[in-house]
Amino acid sequence: MSVKDVGAVVADDWLDAMELDEIWDGEMVAVDVGGQSVLLVNLEGEVRAYENRCPHQAWRLDDGDFDGERIVCSRHMWEFDPKSGAGVNPADCSLKSFECRVGDDGIIRVRVP
Amino acid sequence: MTNEHVVIVGGGTSAGAVVRSLRDGGFEGAVTLVGDESSPPYERPELSKSVLTGAVAAKSVEMRDIDWYRTNDVDIRLDTRVSFVDTANRSVALSTGENVPYDKLVFATGGRPRPLPIADKVEHTGRIHYLRTRQDAEALGKFLVSGQRLVVIGGGVIGCEVAASARALDVEATIIEAGEGLLERSFGPALGAMLSQVHLDNGVDIRMRQSVLEFAVTAGGIQVVTDKSTVEADVVVIGIGLIPNIELAMDCGILCDEGILANEYGETSIRGIYATGDAAQWFHPLYEQHLRFEQHDSAIRQGQAVAQSILGTPTVVSNPPWFWSDQYEDNLQFVGRPSPGDEMVIRGSVSERSMAAFFVGESRINAVFAMNRGREIMAGRRLLTSGVPVEPDLLKDEDVDLRRLGRQRESR
């Protein structure tokens, strides 16, 4: 399915983030999308997009670590589930996620507010 | 098993972690938490930082809102102490006069600031402060107003964080430290000297190798007299250590050393009784000895593990100790335990406030310190835990991605 198939009504909301080729499987990268710093995470070809700031003290998450199982903020070691963005330690928090799609053209597109 | 009654003695961070993990883990039995403070369990790290500066409200540090305990059927007794534990009949006596039976008991009794007895005679002025609780932070915060004069006794983590928070509010700050440098107990002499410079650069008057002899009340405040000088203060903070609250456990006949002894799952020398947090001294599988930590991370991890033990799915806590401190704009972190004779390998630059120091012995990383380099802490922790040999030259080389270094070696 291509991005265009999503529907003309919302098509304008989707912004190009980067090419899928540029982010290796099991890695995370921060990109600027529409003035917003977005953290892209490649989970075996599936891409997730989160706001690039830790809910604890707003530190940038791309400064942290992604070991394939957890996203860890470098500042105070808060841990998040890369699939859902849910806090693991502590559990009472969550990353803010953005809708994210990979088009047939290999471009990752994100919908930021 | 699910009908068991768990009683937690203490209402701090580790107690909060036990309760939270029990209910999140589906524990269906009764849970009673007895805490001597007025707040439900909260996290302490911000008390010396953003709570003290007023950047965040004290309430924001609560782990869960008081309503959560009610909704989750946790009997939470605040402003209440456990005065006696009857292990033969399995019940605790509360300061309210009530007796509460238990099946499983958790000591999460924490610690109290080590007092400085010579300060007692001026305590009535309200200008002598210790910092442990939310109430302490709120009381101290009222004094931290531009132009006021703060004197900190003790150059440890708490003292340095308080001084940094005070400087951010344009409060004059003096640290009196008996030793050779600030933060030496936590980071060692070399890093202590470096961090002392950071405080000097931020305008802190540091009086090293001085011991406080006397406090005197003056017209405008307190005069602090050391063996080498005198300092005038509007407010004094004493941060000279923590005394673990182990007396109640000792009275029960539970084996104690520096802290309440527990195995790697948190169980004490009496079956069904656990210890966690600042007062606990767990067997640490990585170091093969019982160690006590006064750290947020271990308070949380141990609390979670105690809950797992009670849930019947015991898990070992084997993480190397880790803590952080935020002072001025700098984030400091430390993971592991250095061994005597370790070589210190520096990566990055002290002058640029971006560096890591690896403590290496026999080609293995024993500990990592980082200033604004959380990545190195994470990579270092992985190398430390896996125990793979490392080349000091690679650690120094900024072109080497330590995260990948650790991973490659692991996967092969």
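The values are calculated or read from the model by the stated rules, or taken from the named source; none is laboratory data. This is a predicted model, so every value here is computed, not measured. Glycine gets a Cβ as well: all are built from the backbone with ideal geometry, and neighbour counts include every protein chain shown. Areas reflect the complete protein model, heavy atoms only, side chains present, ligands, DNA and RNA absent. Shrake-Rupley method; radii C 1.70, N 1.55, O 1.52, S 1.80 Å.
Hey, among the residues in the stretch B:367-390 that are closer than 13 Å to residue A:72 by Cβ and open to solvent by 20 Å² or more (accessible area, probe 1.4 Å), which one's nearest to the other protein chains (Cβ to nearest Cβ)?
B:375
Could you please find all residues in the stretch B:29-47 being closer than 23 Å to residue B:311 by Cβ and crowded, with 22+ Cβ neighbours inside 10 Å?
B:31, B:33, B:34, B:35, B:40, B:41
In the stretch A:42-54, which residues are open to solvent by less than 60 Å² (accessible area, probe 1.4 Å), touching a strand residue (DSSP E or B) at 6+ places or on another chain (Cβ under 8 Å) and within 26 Å of residue B:323 (Cβ to Cβ)?
Selection gives A:52 alone.
Going by what's in this entry, would residue B:294 be described as in a loop (DSSP other than H, G, I, E, B), in contact (Cβ under 8 Å) with a residue 40 or more places away in the chain and out of contact with any Lys or Arg (no Cβ under 8 Å at 6 or more places or on another chain)?
yes
The conditions are (1) away from chain B (no Cβ under 14 Å); (2) surrounded by 22 or more Cβ atoms within 10 Å (Cβ to Cβ); (3) polar (S, T, N, Q), and residue A:36 fails exactly one of them. Which is it?
(2)
I need the full set of residues from the stretch B:349-374 which are within 12 Å of residue B:194 (Cβ to Cβ) and of a type outside the set (Phe, Trp, Tyr), in order please.
Within the stretch B:349-374, B:349, B:350, B:351, B:353, B:355, B:357, B:371 meet the criteria.
With the structure loaded, tell me whether residue B:393 is acidic (Asp, Glu), open to solvent by 20 Å² or more (accessible area, probe 1.4 Å) and not in a loop (DSSP other than H, G, I, E, B) or whether it fails that test.
yes
Table: residues versus (1) within 30 Å of residue B:17 (Cβ to Cβ); (2) open to solvent by 60 Å² or more (accessible area, probe 1.4 Å); (3) at pLDDT 95 or above.
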residue: A:22; (1), (2), (3): no, yes, no
residue: A:62; (1), (2), (3): yes, no, no
residue: A:75; (1), (2), (3): yes, no, no
residue: A:88; (1), (2), (3): yes, no, no
residue: A:106; (1), (2), (3): no, no, no
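Condition first: open to solvent by 20 Å² or more (accessible area, probe 1.4 Å) and in a helix (DSSP H, G or I). Now tell me which residues in the stretch B:106-140 satisfy that.
Within the stretch B:106-140, B:117, B:118, B:120, B:121, B:123, B:124, B:125, B:134, B:135, B:136, B:138, B:139 qualify.
Can you give me the number of residues within the stretch B:203-239 that are on the phi < 0 side of the Ramachandran plot and of a type in the set (Lys, Arg)?
2
Yes or no: the stretch B:18-26 includes at least one residue that is hydroxyl-bearing (Ser, Thr, Tyr), over 30 Å from residue B:162 (Cα atoms) and within 14 Å of chain A (Cβ to nearest Cβ).
Yes.
Among the residues that make up the stretch B:371-385, is at least one of them at pLDDT 95 or above and either in a strand (DSSP E or B) or small (Gly, Ala, Ser) (or both)?
Yes, the stretch B:371-385 has at least one match.
Within the stretch B:314-328, count every residue that is away from chain A (no Cβ under 11 Å) and either free of Cβ contacts under 8 Å to residues at least 40 places away in the same chain or not in a loop (DSSP other than H, G, I, E, B) (or both).
So the count comes out to 2.
Kindly indicate which of A:30, A:58, A:86 is without any contact (Cβ under 8 Å) to a residue 40 or more places away in the chain, on the phi > 0 side of the Ramachandran plot and within 14 Å of chain B (Cβ to nearest Cβ).
Testing whether each residue is without any contact (Cβ under 8 Å) to a residue 40 or more places away in the chain, on the phi > 0 side of the Ramachandran plot and within 14 Å of chain B (Cβ to nearest Cβ) leaves just A:58.
Would you check which residues across the stretch B:265-279 are out of contact with any Leu (no Cβ under 8 Å at 6 or more places or on another chain) and not in a loop (DSSP other than H, G, I, E, B) and list them?
Answer for the stretch B:265-279, where residues must be out of contact with any Leu (no Cβ under 8 Å at 6 or more places or on another chain) and not in a loop (DSSP other than H, G, I, E, B): B:267, B:277, B:279.
Based on what the data block shows, is residue B:75 more than 14 Å from chain A (Cβ to nearest Cβ), open to solvent by 10 Å² or more (accessible area, probe 1.4 Å) and in a loop (DSSP other than H, G, I, E, B)?
no
Cβ contacts < 7 Å: first residue more than 10 Å from chain B (Cβ to nearest Cβ), restricted to the stretch A:61-72; second residue among the basic types (Lys, Arg), any location; separation 6+ or different chain. Result?
A:61/A:53
Can you work out which of the residues in the stretch B:141-153 that are surrounded by 20 or more Cβ atoms within 10 Å (Cβ to Cβ) and either of a type in the set (Val, Ile, Thr) or at pLDDT below 95 (or both) is farthest from the chain's Cα centre (by Cα)?
Once the filter is applied, the top-ranked residue is B:151.
Starting from the stretch B:133-157, take each residue that is without any contact (Cβ under 8 Å) to a residue 40 or more places away in the chain and list its partners that are in a loop (DSSP other than H, G, I, E, B) and among the aliphatic types (A, V, I, L, M), counting only C-beta distances under 8 angstrom and pairs at least six apart or across chains.
Filtered contacts from the stretch B:133-157: B:145/B:169; B:145/B:171; B:146/B:169; B:146/B:171; B:147/B:171.
For residue B:65, only one of the following conditions fails: (1) modelled with pLDDT under 95; (2) open to solvent by less than 60 Å² (accessible area, probe 1.4 Å). What is its number?
If we test residue B:65 against (1) modelled with pLDDT under 95; (2) open to solvent by less than 60 Å² (accessible area, probe 1.4 Å), just (2) comes out false.
Between a residue in the stretch B:382-406 that is free of Cβ contacts under 8 Å to residues at least 12 places away in the same chain and any residue that is outside any helix (DSSP H, G or I), which pairs come within a Cβ distance under 6 Å, given they are 6 or more apart or on different chains?
B:394/B:400
Only helices (runs of 4 or more DSSP H) wholly contained in the stretch B:154-249 count here; list those with 3 or more residues that are open to solvent by less than 30 Å² (accessible area, probe 1.4 Å) and modelled with pLDDT under 95.
B:189-201
Taking the stretch B:295-316, which residues are within 18 Å of residue B:63 (Cα to Cα) and either of a type outside the set (Gly, Ala, Ser) or open to solvent by 30 Å² or more (accessible area, probe 1.4 Å) (or both)?
Correct list: B:295, B:296, B:297, B:300, B:301, B:302, B:304, B:306.
Somewhere in the stretch B:332-353, is a residue more than 27 Å from residue B:251 (Cβ to Cβ), free of Cβ contacts under 8 Å to residues at least 24 places away in the same chain and buried (at least 19 other Cβ atoms within 10 Å of the Cβ)?
No, the conditions are met nowhere in the stretch B:332-353.
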